[in-house]
Amino acid sequence: MTVNEIVDELRASRPRASDALRLQVLAVASQPAAPRPSLLDRFRGPRRLVLALPVAAGLAVAAAIAVGVTRPGPAGREAAAPAPTVERPAGTASEAYAGPSADASAGAMKAAPAPTTGRAQRYSATLALGVDDTDALSDATQRALGIVRDLGGFVVSARYATGTEGTSSLTLRVPSARAADAVARLSTLGTILAQDVQIQDLQEPLDGIDRELRRLQAQLVAVTVQLGQADTTAERARLTARRAELRAQLQQLRASRAATTAEARTATIQLELRTEEGAAVAPPASRIDRALDRALDVLAWEAVVVLAVAVAAAPLALVVAAVWATRRTRRRLEDERLLSS
């Protein structure tokens, strides 16, 4: 039998639908069409979790941006706050003075505090000045050395370098009585970028050393008198050792007193000169930059909170998942048992 004959036979024996099937098809066709599910209906049940994640992320980002825009950052608060002032009350043991900020012009400075007359004090100052170029840097360095010599001081160390930006670092020592004058004159060599003065009182330690010296000297005199009156060899040996010990202690105290006195006699000034390229202050951040920084901080804190909640809820989620998997496995086994029976 050829293929054409097979096709003709199949067409001739075409099956005919029964009357019951025709009635069922007509009944189905006469029913109204089912309404199409809405967007909300499509995300019912577990599908809502898929939609909830991007919505929650969007809300977190929107909240972070809103906080960053409405709340000023640290730079804004610092700019609005008044500059702190440091007063120098008389008679304090340790004092500090902060000089003008970087926008102070040369020569426009508040007088630096001077050491208290008649008291031993450790005086140290740090100055950072800006100059126009390398020529001005060299001139300011030479003038600083001249100022120190005029005041009876000397240079402890010096470092001068030029390149992409010029710097000159000087460590200077001047008599303590001329320290305030030295700071004032050195501050006129350029634009003041930073200034810090520290004063620490040394008079009380010196007074304690003097009292200890007097006590040891009295003991030395008494031991010497006892040594002249000693009768036995053992007594003389003991007193001789005691006298040597007292003399050694006196020598150490005198050396310590001399070092403290020498430290209080001169003041240390650390001077740093920079060209304007190296001394330029970075411009303050714009409002948009501060808002973005604040928004990133808020997002970081939100991520920390979400991570903490996830870590805390992880054990409970594992228990729930285990129960759900057990129930599903049991139901599947029961269905298989029913089907097999």
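Annotations
- In the condition set (1) outside any strand (DSSP E or B); (2) open to solvent by 60 Å² or more (accessible area, probe 1.4 Å); (3) closer than 30 Å to residue 131 by Cβ, residue 198 is compliant with all but (1).
- Boolean, residue 148 is under 33 Å from the mean Cα position of the chain (by Cα), part of a helix (DSSP H, G or I) and either acidic (Asp, Glu) or surrounded by 15 or more Cβ atoms within 10 Å (Cβ to Cβ) (or both): no
- Here the stretch 305-341 is the region considered, the condition is being open to solvent by 90 Å² or more (accessible area, probe 1.4 Å) and of a type in the set (Gly, Ala, Ser), and the residue that is nearest to residue 57 (Cα to Cα) is 340.
- Members of the stretch 219-236 that are open to solvent by 60 Å² or more (accessible area, probe 1.4 Å) and either of a type in the set (Gly, Ala, Ser) or under 36 Å from the mean Cα position of the chain (by Cα) (or both): 228, 234
- Checking the stated criteria, residue 242 turns out to be open to solvent by 60 Å² or more (accessible area, probe 1.4 Å) and touching a helix residue (DSSP H, G or I) at 6+ places or on another chain (Cβ under 7 Å).
- Selected residue (criterion: nearest to residue 197 (Cα to Cα)) from residues of the stretch 260-278 that are part of a helix (DSSP H, G or I) and open to solvent by less than 60 Å² (accessible area, probe 1.4 Å): 264
- Among the criteria (1) outside any strand (DSSP E or B); (2) surrounded by 13 or more Cβ atoms within 10 Å (Cβ to Cβ); (3) at pLDDT 90 or above; (4) not charged (D, E, K, R), the one residue 292 does not fulfil is (3).
- Scanning the stretch 171-192 for residues that are open to solvent by less than 30 Å² (accessible area, probe 1.4 Å), in a strand (DSSP E or B) and in contact with a Gly (Cβ under 7 Å, 6 or more places away or on another chain) turns up 172, 174, 192.
- Residues of the stretch 151-168 satisfying the condition of being closer than 20 Å to residue 197 by Cβ and open to solvent by less than 40 Å² (accessible area, probe 1.4 Å): 151, 153
- Single match in 116, 126, 171 (criterion: among the hydroxyl-bearing types (Ser, Thr, Tyr), modelled with pLDDT under 85 and under 21 Å from residue 198 (Cα atoms)): 116
Quick grid of which residues meet (1) touching a helix residue (DSSP H, G or I) at 6+ places or on another chain (Cβ under 7 Å); (2) in a helix (DSSP H, G or I); (3) of a type outside the set (D, E, K, R); (4) at pLDDT 70 or above:
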| residue | (1), (2), (3), (4) |
| --- | --- |
| 8 | no, yes, no, yes |
| 11 | no, yes, no, yes |
| 14 | no, no, no, no |
| 21 | no, yes, yes, yes |
| 26 | no, yes, yes, yes |
| 29 | no, yes, yes, yes |
| 32 | no, no, yes, yes |
| 37 | no, no, yes, no |
| 41 | no, yes, no, no |
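- Flag for residue 125 being open to solvent by less than 80 Å² (accessible area, probe 1.4 Å) and in contact with a helix residue (DSSP H, G or I) (Cβ under 8 Å, 6 or more places away or on another chain): yes
- Verdict on residue 140 being modelled with pLDDT of 85 or more and among the small types (Gly, Ala, Ser): yes
The values are calculated or read from the model by the stated rules, or taken from the named source; none is laboratory data. The structure displayed is predicted, hence computed values, not measured ones. All Cβ positions, glycine included, derive from the backbone under ideal geometry; neighbour counts span all protein chains shown. For the accessible areas, the whole protein counts, side chains as well, though only heavy atoms, and no ligand, DNA or RNA atoms are used. Shrake-Rupley method; radii C 1.70, N 1.55, O 1.52, S 1.80 Å.
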